[in-house]
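Every number in this text was worked out from the coordinates using simple rules, so none of it is lab data. In this text the structure is predicted, and so the values were computed from the model without any measurement. Ideal geometry is used to build each Cβ from the backbone, glycine not excepted, and the neighbour counts take in all protein chains shown.
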Amino acid sequence: MTPKNNFFSLRGQFIYWCAAILALSTAFPFFWMVSTSFKPLQEIFVFPPNFLPAEFTLANFVRLFEQTRFLVYFKNSVFVSFTTVVLTMTIGSAGAYSLTRFKFYGREKIASLILFTYMFAPIMIVIPFYVLIKKIGLANTHAALIMAYTAFCLPFSLWLLRAFFQSIPLALEKAALIDGASRLEAVIYVVLPLALPGIIATGIFTFILAWNDYIFVRILITSDELKTLSVGIADLYNATVIDWGMIMSGSMLITVPVLVFFIFIQRYLIAGWGAGAMKG
Amino acid sequence: MKYNSPKAGILLISPAVLLICSLLVYPVIYGIWLSLFKKHSFFPDQRFVGLANYAYLMKNSDFWMSVWYGTVYSVSTIVLQIVIGVIAALIVNEAFKGRNFVRGVILFPYVIPTVVAIILWKWLLNNQFGLVNYLLLAVGIIDDPISWMGKDHIMTSLILISVWEFFPFVVLSVLARMQTIPPVLYKAAKVDGAGAFRRFIHVTLPQLRSVLFVVILLRSIWMFTKFDTVWLLTQGGGAEKYIRTLPVYAYMRTFMYYQAGMGAALAVIMFIILVAATAIYFKMFRREEEI
């Protein structure tokens, strides 16, 4: 462990100041969002602004729940994101297990195909994707969204899960087989429990991607009652009179789940990053 | 079943391969096909027009403007992200109290939904009630409020917001690599009398070369194809035209002019520019040991 920089040395001073500026410039907008969402309407527009609400109120949240379909959007977001996670994790784990435990023709080709598709950006596929989805009659359904997210998350999930499965020694499985377990039992009782932390971390990356997405919802969903949170909140902004208090409280509520999950996966961040789990 | 039976392996990977091929690879190929048609975005009829969409775009000044805005946007955000990202990584690589907290907090902008990032900044940069204008006025840097979303400043605002949102990616990638640089290299440089700046140039930077190679590549691909950040900022400002990058233009052609074929042609052009730029980039900077 390197010694901590002394706050009183010149170098130490410099580093502490830089770190403070970094933390402040990234965290302050969030603080401002929270502060605004608890202010009563009149106070939001006072000049000079109050850094903390002088009068603390939940009125913005009440309006958000009463005047908008926030709960419907929330439910849709949860449904779509979790279904995507379950699908991606099932298909991805099976695929990653196959890539690490079996030898077959074309295995390396598949691995490089996965790496190549990971470079695709949503805008490059969303137009033909929309036309195709419309042709098969799935436009304006959650199924279309789930298909898009699963396809988008699979490449990095496979890549990440492959790394996790590679780190589980083959000998453990073989030992289970010698002890009389079937292949399936060996997978369920030996491999999966060991791979679980990796699967959960990958799942959270998938969740964040699906939860945060805007473009696919904007394009694939037209009915208001099927929208998810990101489009729902973005549309609040398009009203004639912008209700900043309500928008800030809504923004805060979408951000919370993401940050909670994010704190959970801090440990895996480096691994996930390496595999490109955080696109954008 | 034999332990390494290829059949079981193929069976297990096939759902993933099938989904990737049908939902990612096929749409891209279909997009190329679609770009040869005149097709309404909502109605099924279509007419084969060959390369007419491309020919139209080549003569269209809006298209060339969008290429220009897209280039300005991606080049400036990439340069700023890399510079700020590397500096930030150097700082959080130092040992100080509260380091883990700072490391966590600076990743926030990258993790939150883009919608939230844009809304936050629209509020902070609001010309009447925004905090940024208030602070700038209070300190005396400006005399009149700046119209951040107006046509003169919207590109600057967009670049600043994008750098804020995406620099954490650079920090984390670079930091991960920095932690693996053997400390003995720095000791040796110190013994040789190199100051902090020369240690950075001659020890740190060469070690970061390969990670920067990949990070710049990925960031370029993602910034050049960035849709949501740009599009959301254009909403409700009136200065939409001045940040209409290529992805936004493709979206508008498809979903506001209802020209799906034209939109697809724009996506294909984006793809071609990316492939060409990547090829040049690899030729210029790739060394044998990388990727």
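For region A:124-205, the calculated P(r) over all alpha carbon pairs, in 5 Å bins from 0 to the bin holding the longest distance, is 3, 13, 17, 14, 11, 11, 10, 9, 7, 4, 1 percent.
For region A:62-274, a crude dipole built from +1 on the beta carbon of Lys and Arg and -1 on the beta carbon of Asp and Glu, taken about the Cα centre, is about 520 debye to the nearest 20.
Summary value for region A:62-274: 35 percent relative contact order, contacts being C-alpha pairs under 8 angstrom separated by 6+ residues. The smallest convex shape that holds all Cα atoms of region B:139-256, its convex hull, gives 150 Å³ per residue. Note that region A:215-222 has calculated 3J(HN,Hα) couplings of 4, 5, 5, 4, 8, 8, 10, 10 Hz, one per residue in order, obtained from phi through the Karplus relation 6.51 cos²θ - 1.76 cosθ + 1.60 (θ = phi - 60°); glycine and proline are x. If a spin label sat at a point 7 angstrom from the Cα of A:V78 along the line to its beta carbon, the backbone N atoms of region A:206-229 nearer than 15 Å would be those of A:211, A:228-229. Membrane-span-like helices in chain B, defined here as complete DSSP H runs extending at least 20 Å along the helix axis by their C-alpha atoms with mean Kyte-Doolittle hydropathy no lower than -0.5, are B:6-20, B:61-92, B:154-178, B:205-224, B:260-285; this is a sequence and geometry rule, not a statement about a membrane. Longest segment of chain B with no chymotrypsin sites (Phe, Trp or Tyr not before Pro) in a DSSP loop having at most 14 other Cβ atoms within 10 Å? With a cap of 14 other Cβ atoms within 10 Å, the longest stretch comes to B:43-256.
Working note: Karplus 6.51/-1.76/1.60 with θ = phi - 60° gives region B:40-55 the couplings 6, 5, 9, 9, x, 5, 8, 9, 6, 10, x, 8, 4, 4, 5, 4 Hz, where Gly and Pro are set to x. For B:K7, a cut-off of 28 angstrom between C-alpha atoms picks up these lysines, skipping any fewer than 8 places away in its own chain: A:K103, A:K109, A:K174.
Hull volume per residue, based on the alpha-carbon atoms of region B:1-120 and their convex hull, is 269 Å³.
Once every DSSP H run of n ≥ 4 in chain B is given -39500 (n - 2.57) and the sum is divided by its residues, what mean residue ellipticity at 222 nm do you get, rounded to the nearest 500 deg cm²/dmol? It would help to have the intermediate numbers written out before the result.
Details: 15 runs with 195 residues, N = 291.
Only helices count here, giving -21000 deg cm²/dmol.
Among the GluC sites (Glu not before Pro) within region A:1-80, which fall in a DSSP loop and have no more than 12 other Cβ atoms within 10 Å of their own Cβ? Write out the running numbers ahead of the final one.
On the way: sites: A:E43, A:E55, A:E66; in loops: A:E55.
Qualifying residues, ordered by number: A:E55.
Residues whose amide H lies under 5 Å from that of B:F37, counting only those 5 or more places away or on a different chain, are B:V49; hydrogens are built 1.01 Å from N in the peptide plane.
In percent, rounded to a whole number, the relative contact order of chain B is 30, using alpha-carbon pairs under 8 Å and six or more apart. Over the residues of chain A, the helix contribution to mean residue ellipticity at 222 nm works out to -23000 deg cm²/dmol, using -39500 (n - 2.57) for each DSSP H run of at least 4.
If you wrap a convex hull around the C-alpha atoms of the protein assembly as shown and split its volume per residue, what is the figure in Å³?
Details: hull volume 108.0 nm³, N = 571.
Per residue, the Cα convex hull of the protein assembly as shown comes to 189 Å³.
Taking only the alpha carbons of region A:62-274, we obtain Rg and Dmax values of 20.1, 71 Å in that order. Taking Cα atoms only, the orientation of helix A:192-212 departs from the longest principal axis of chain A by about 40 degrees.
Rounded to the nearest whole Hz, the Karplus-based 3J(HN,Hα) values (6.51 cos²θ - 1.76 cosθ + 1.60, θ = phi - 60°) of region A:19-27 follow the sequence 5, 5, 5, 4, 5, 5, 5, 8, 8, with x at glycine and proline.
Using Cα-Cα distances under 8 Å and only pairs 6 or more residues apart, what relative contact order does region B:81-231 have, in percent?
Numbers: 108 pairs, mean separation 46.2, N = 151.
After rounding, I find 31 percent.
Using all pairs of distinct alpha-carbon atoms, the Kirkwood hydrodynamic radius of chain B works out to 22.5 angstrom. Only lysine pairs 8 or more places apart or on separate chains count here, and in region B:56-285 those with Cα atoms under 19 Å apart total 6.
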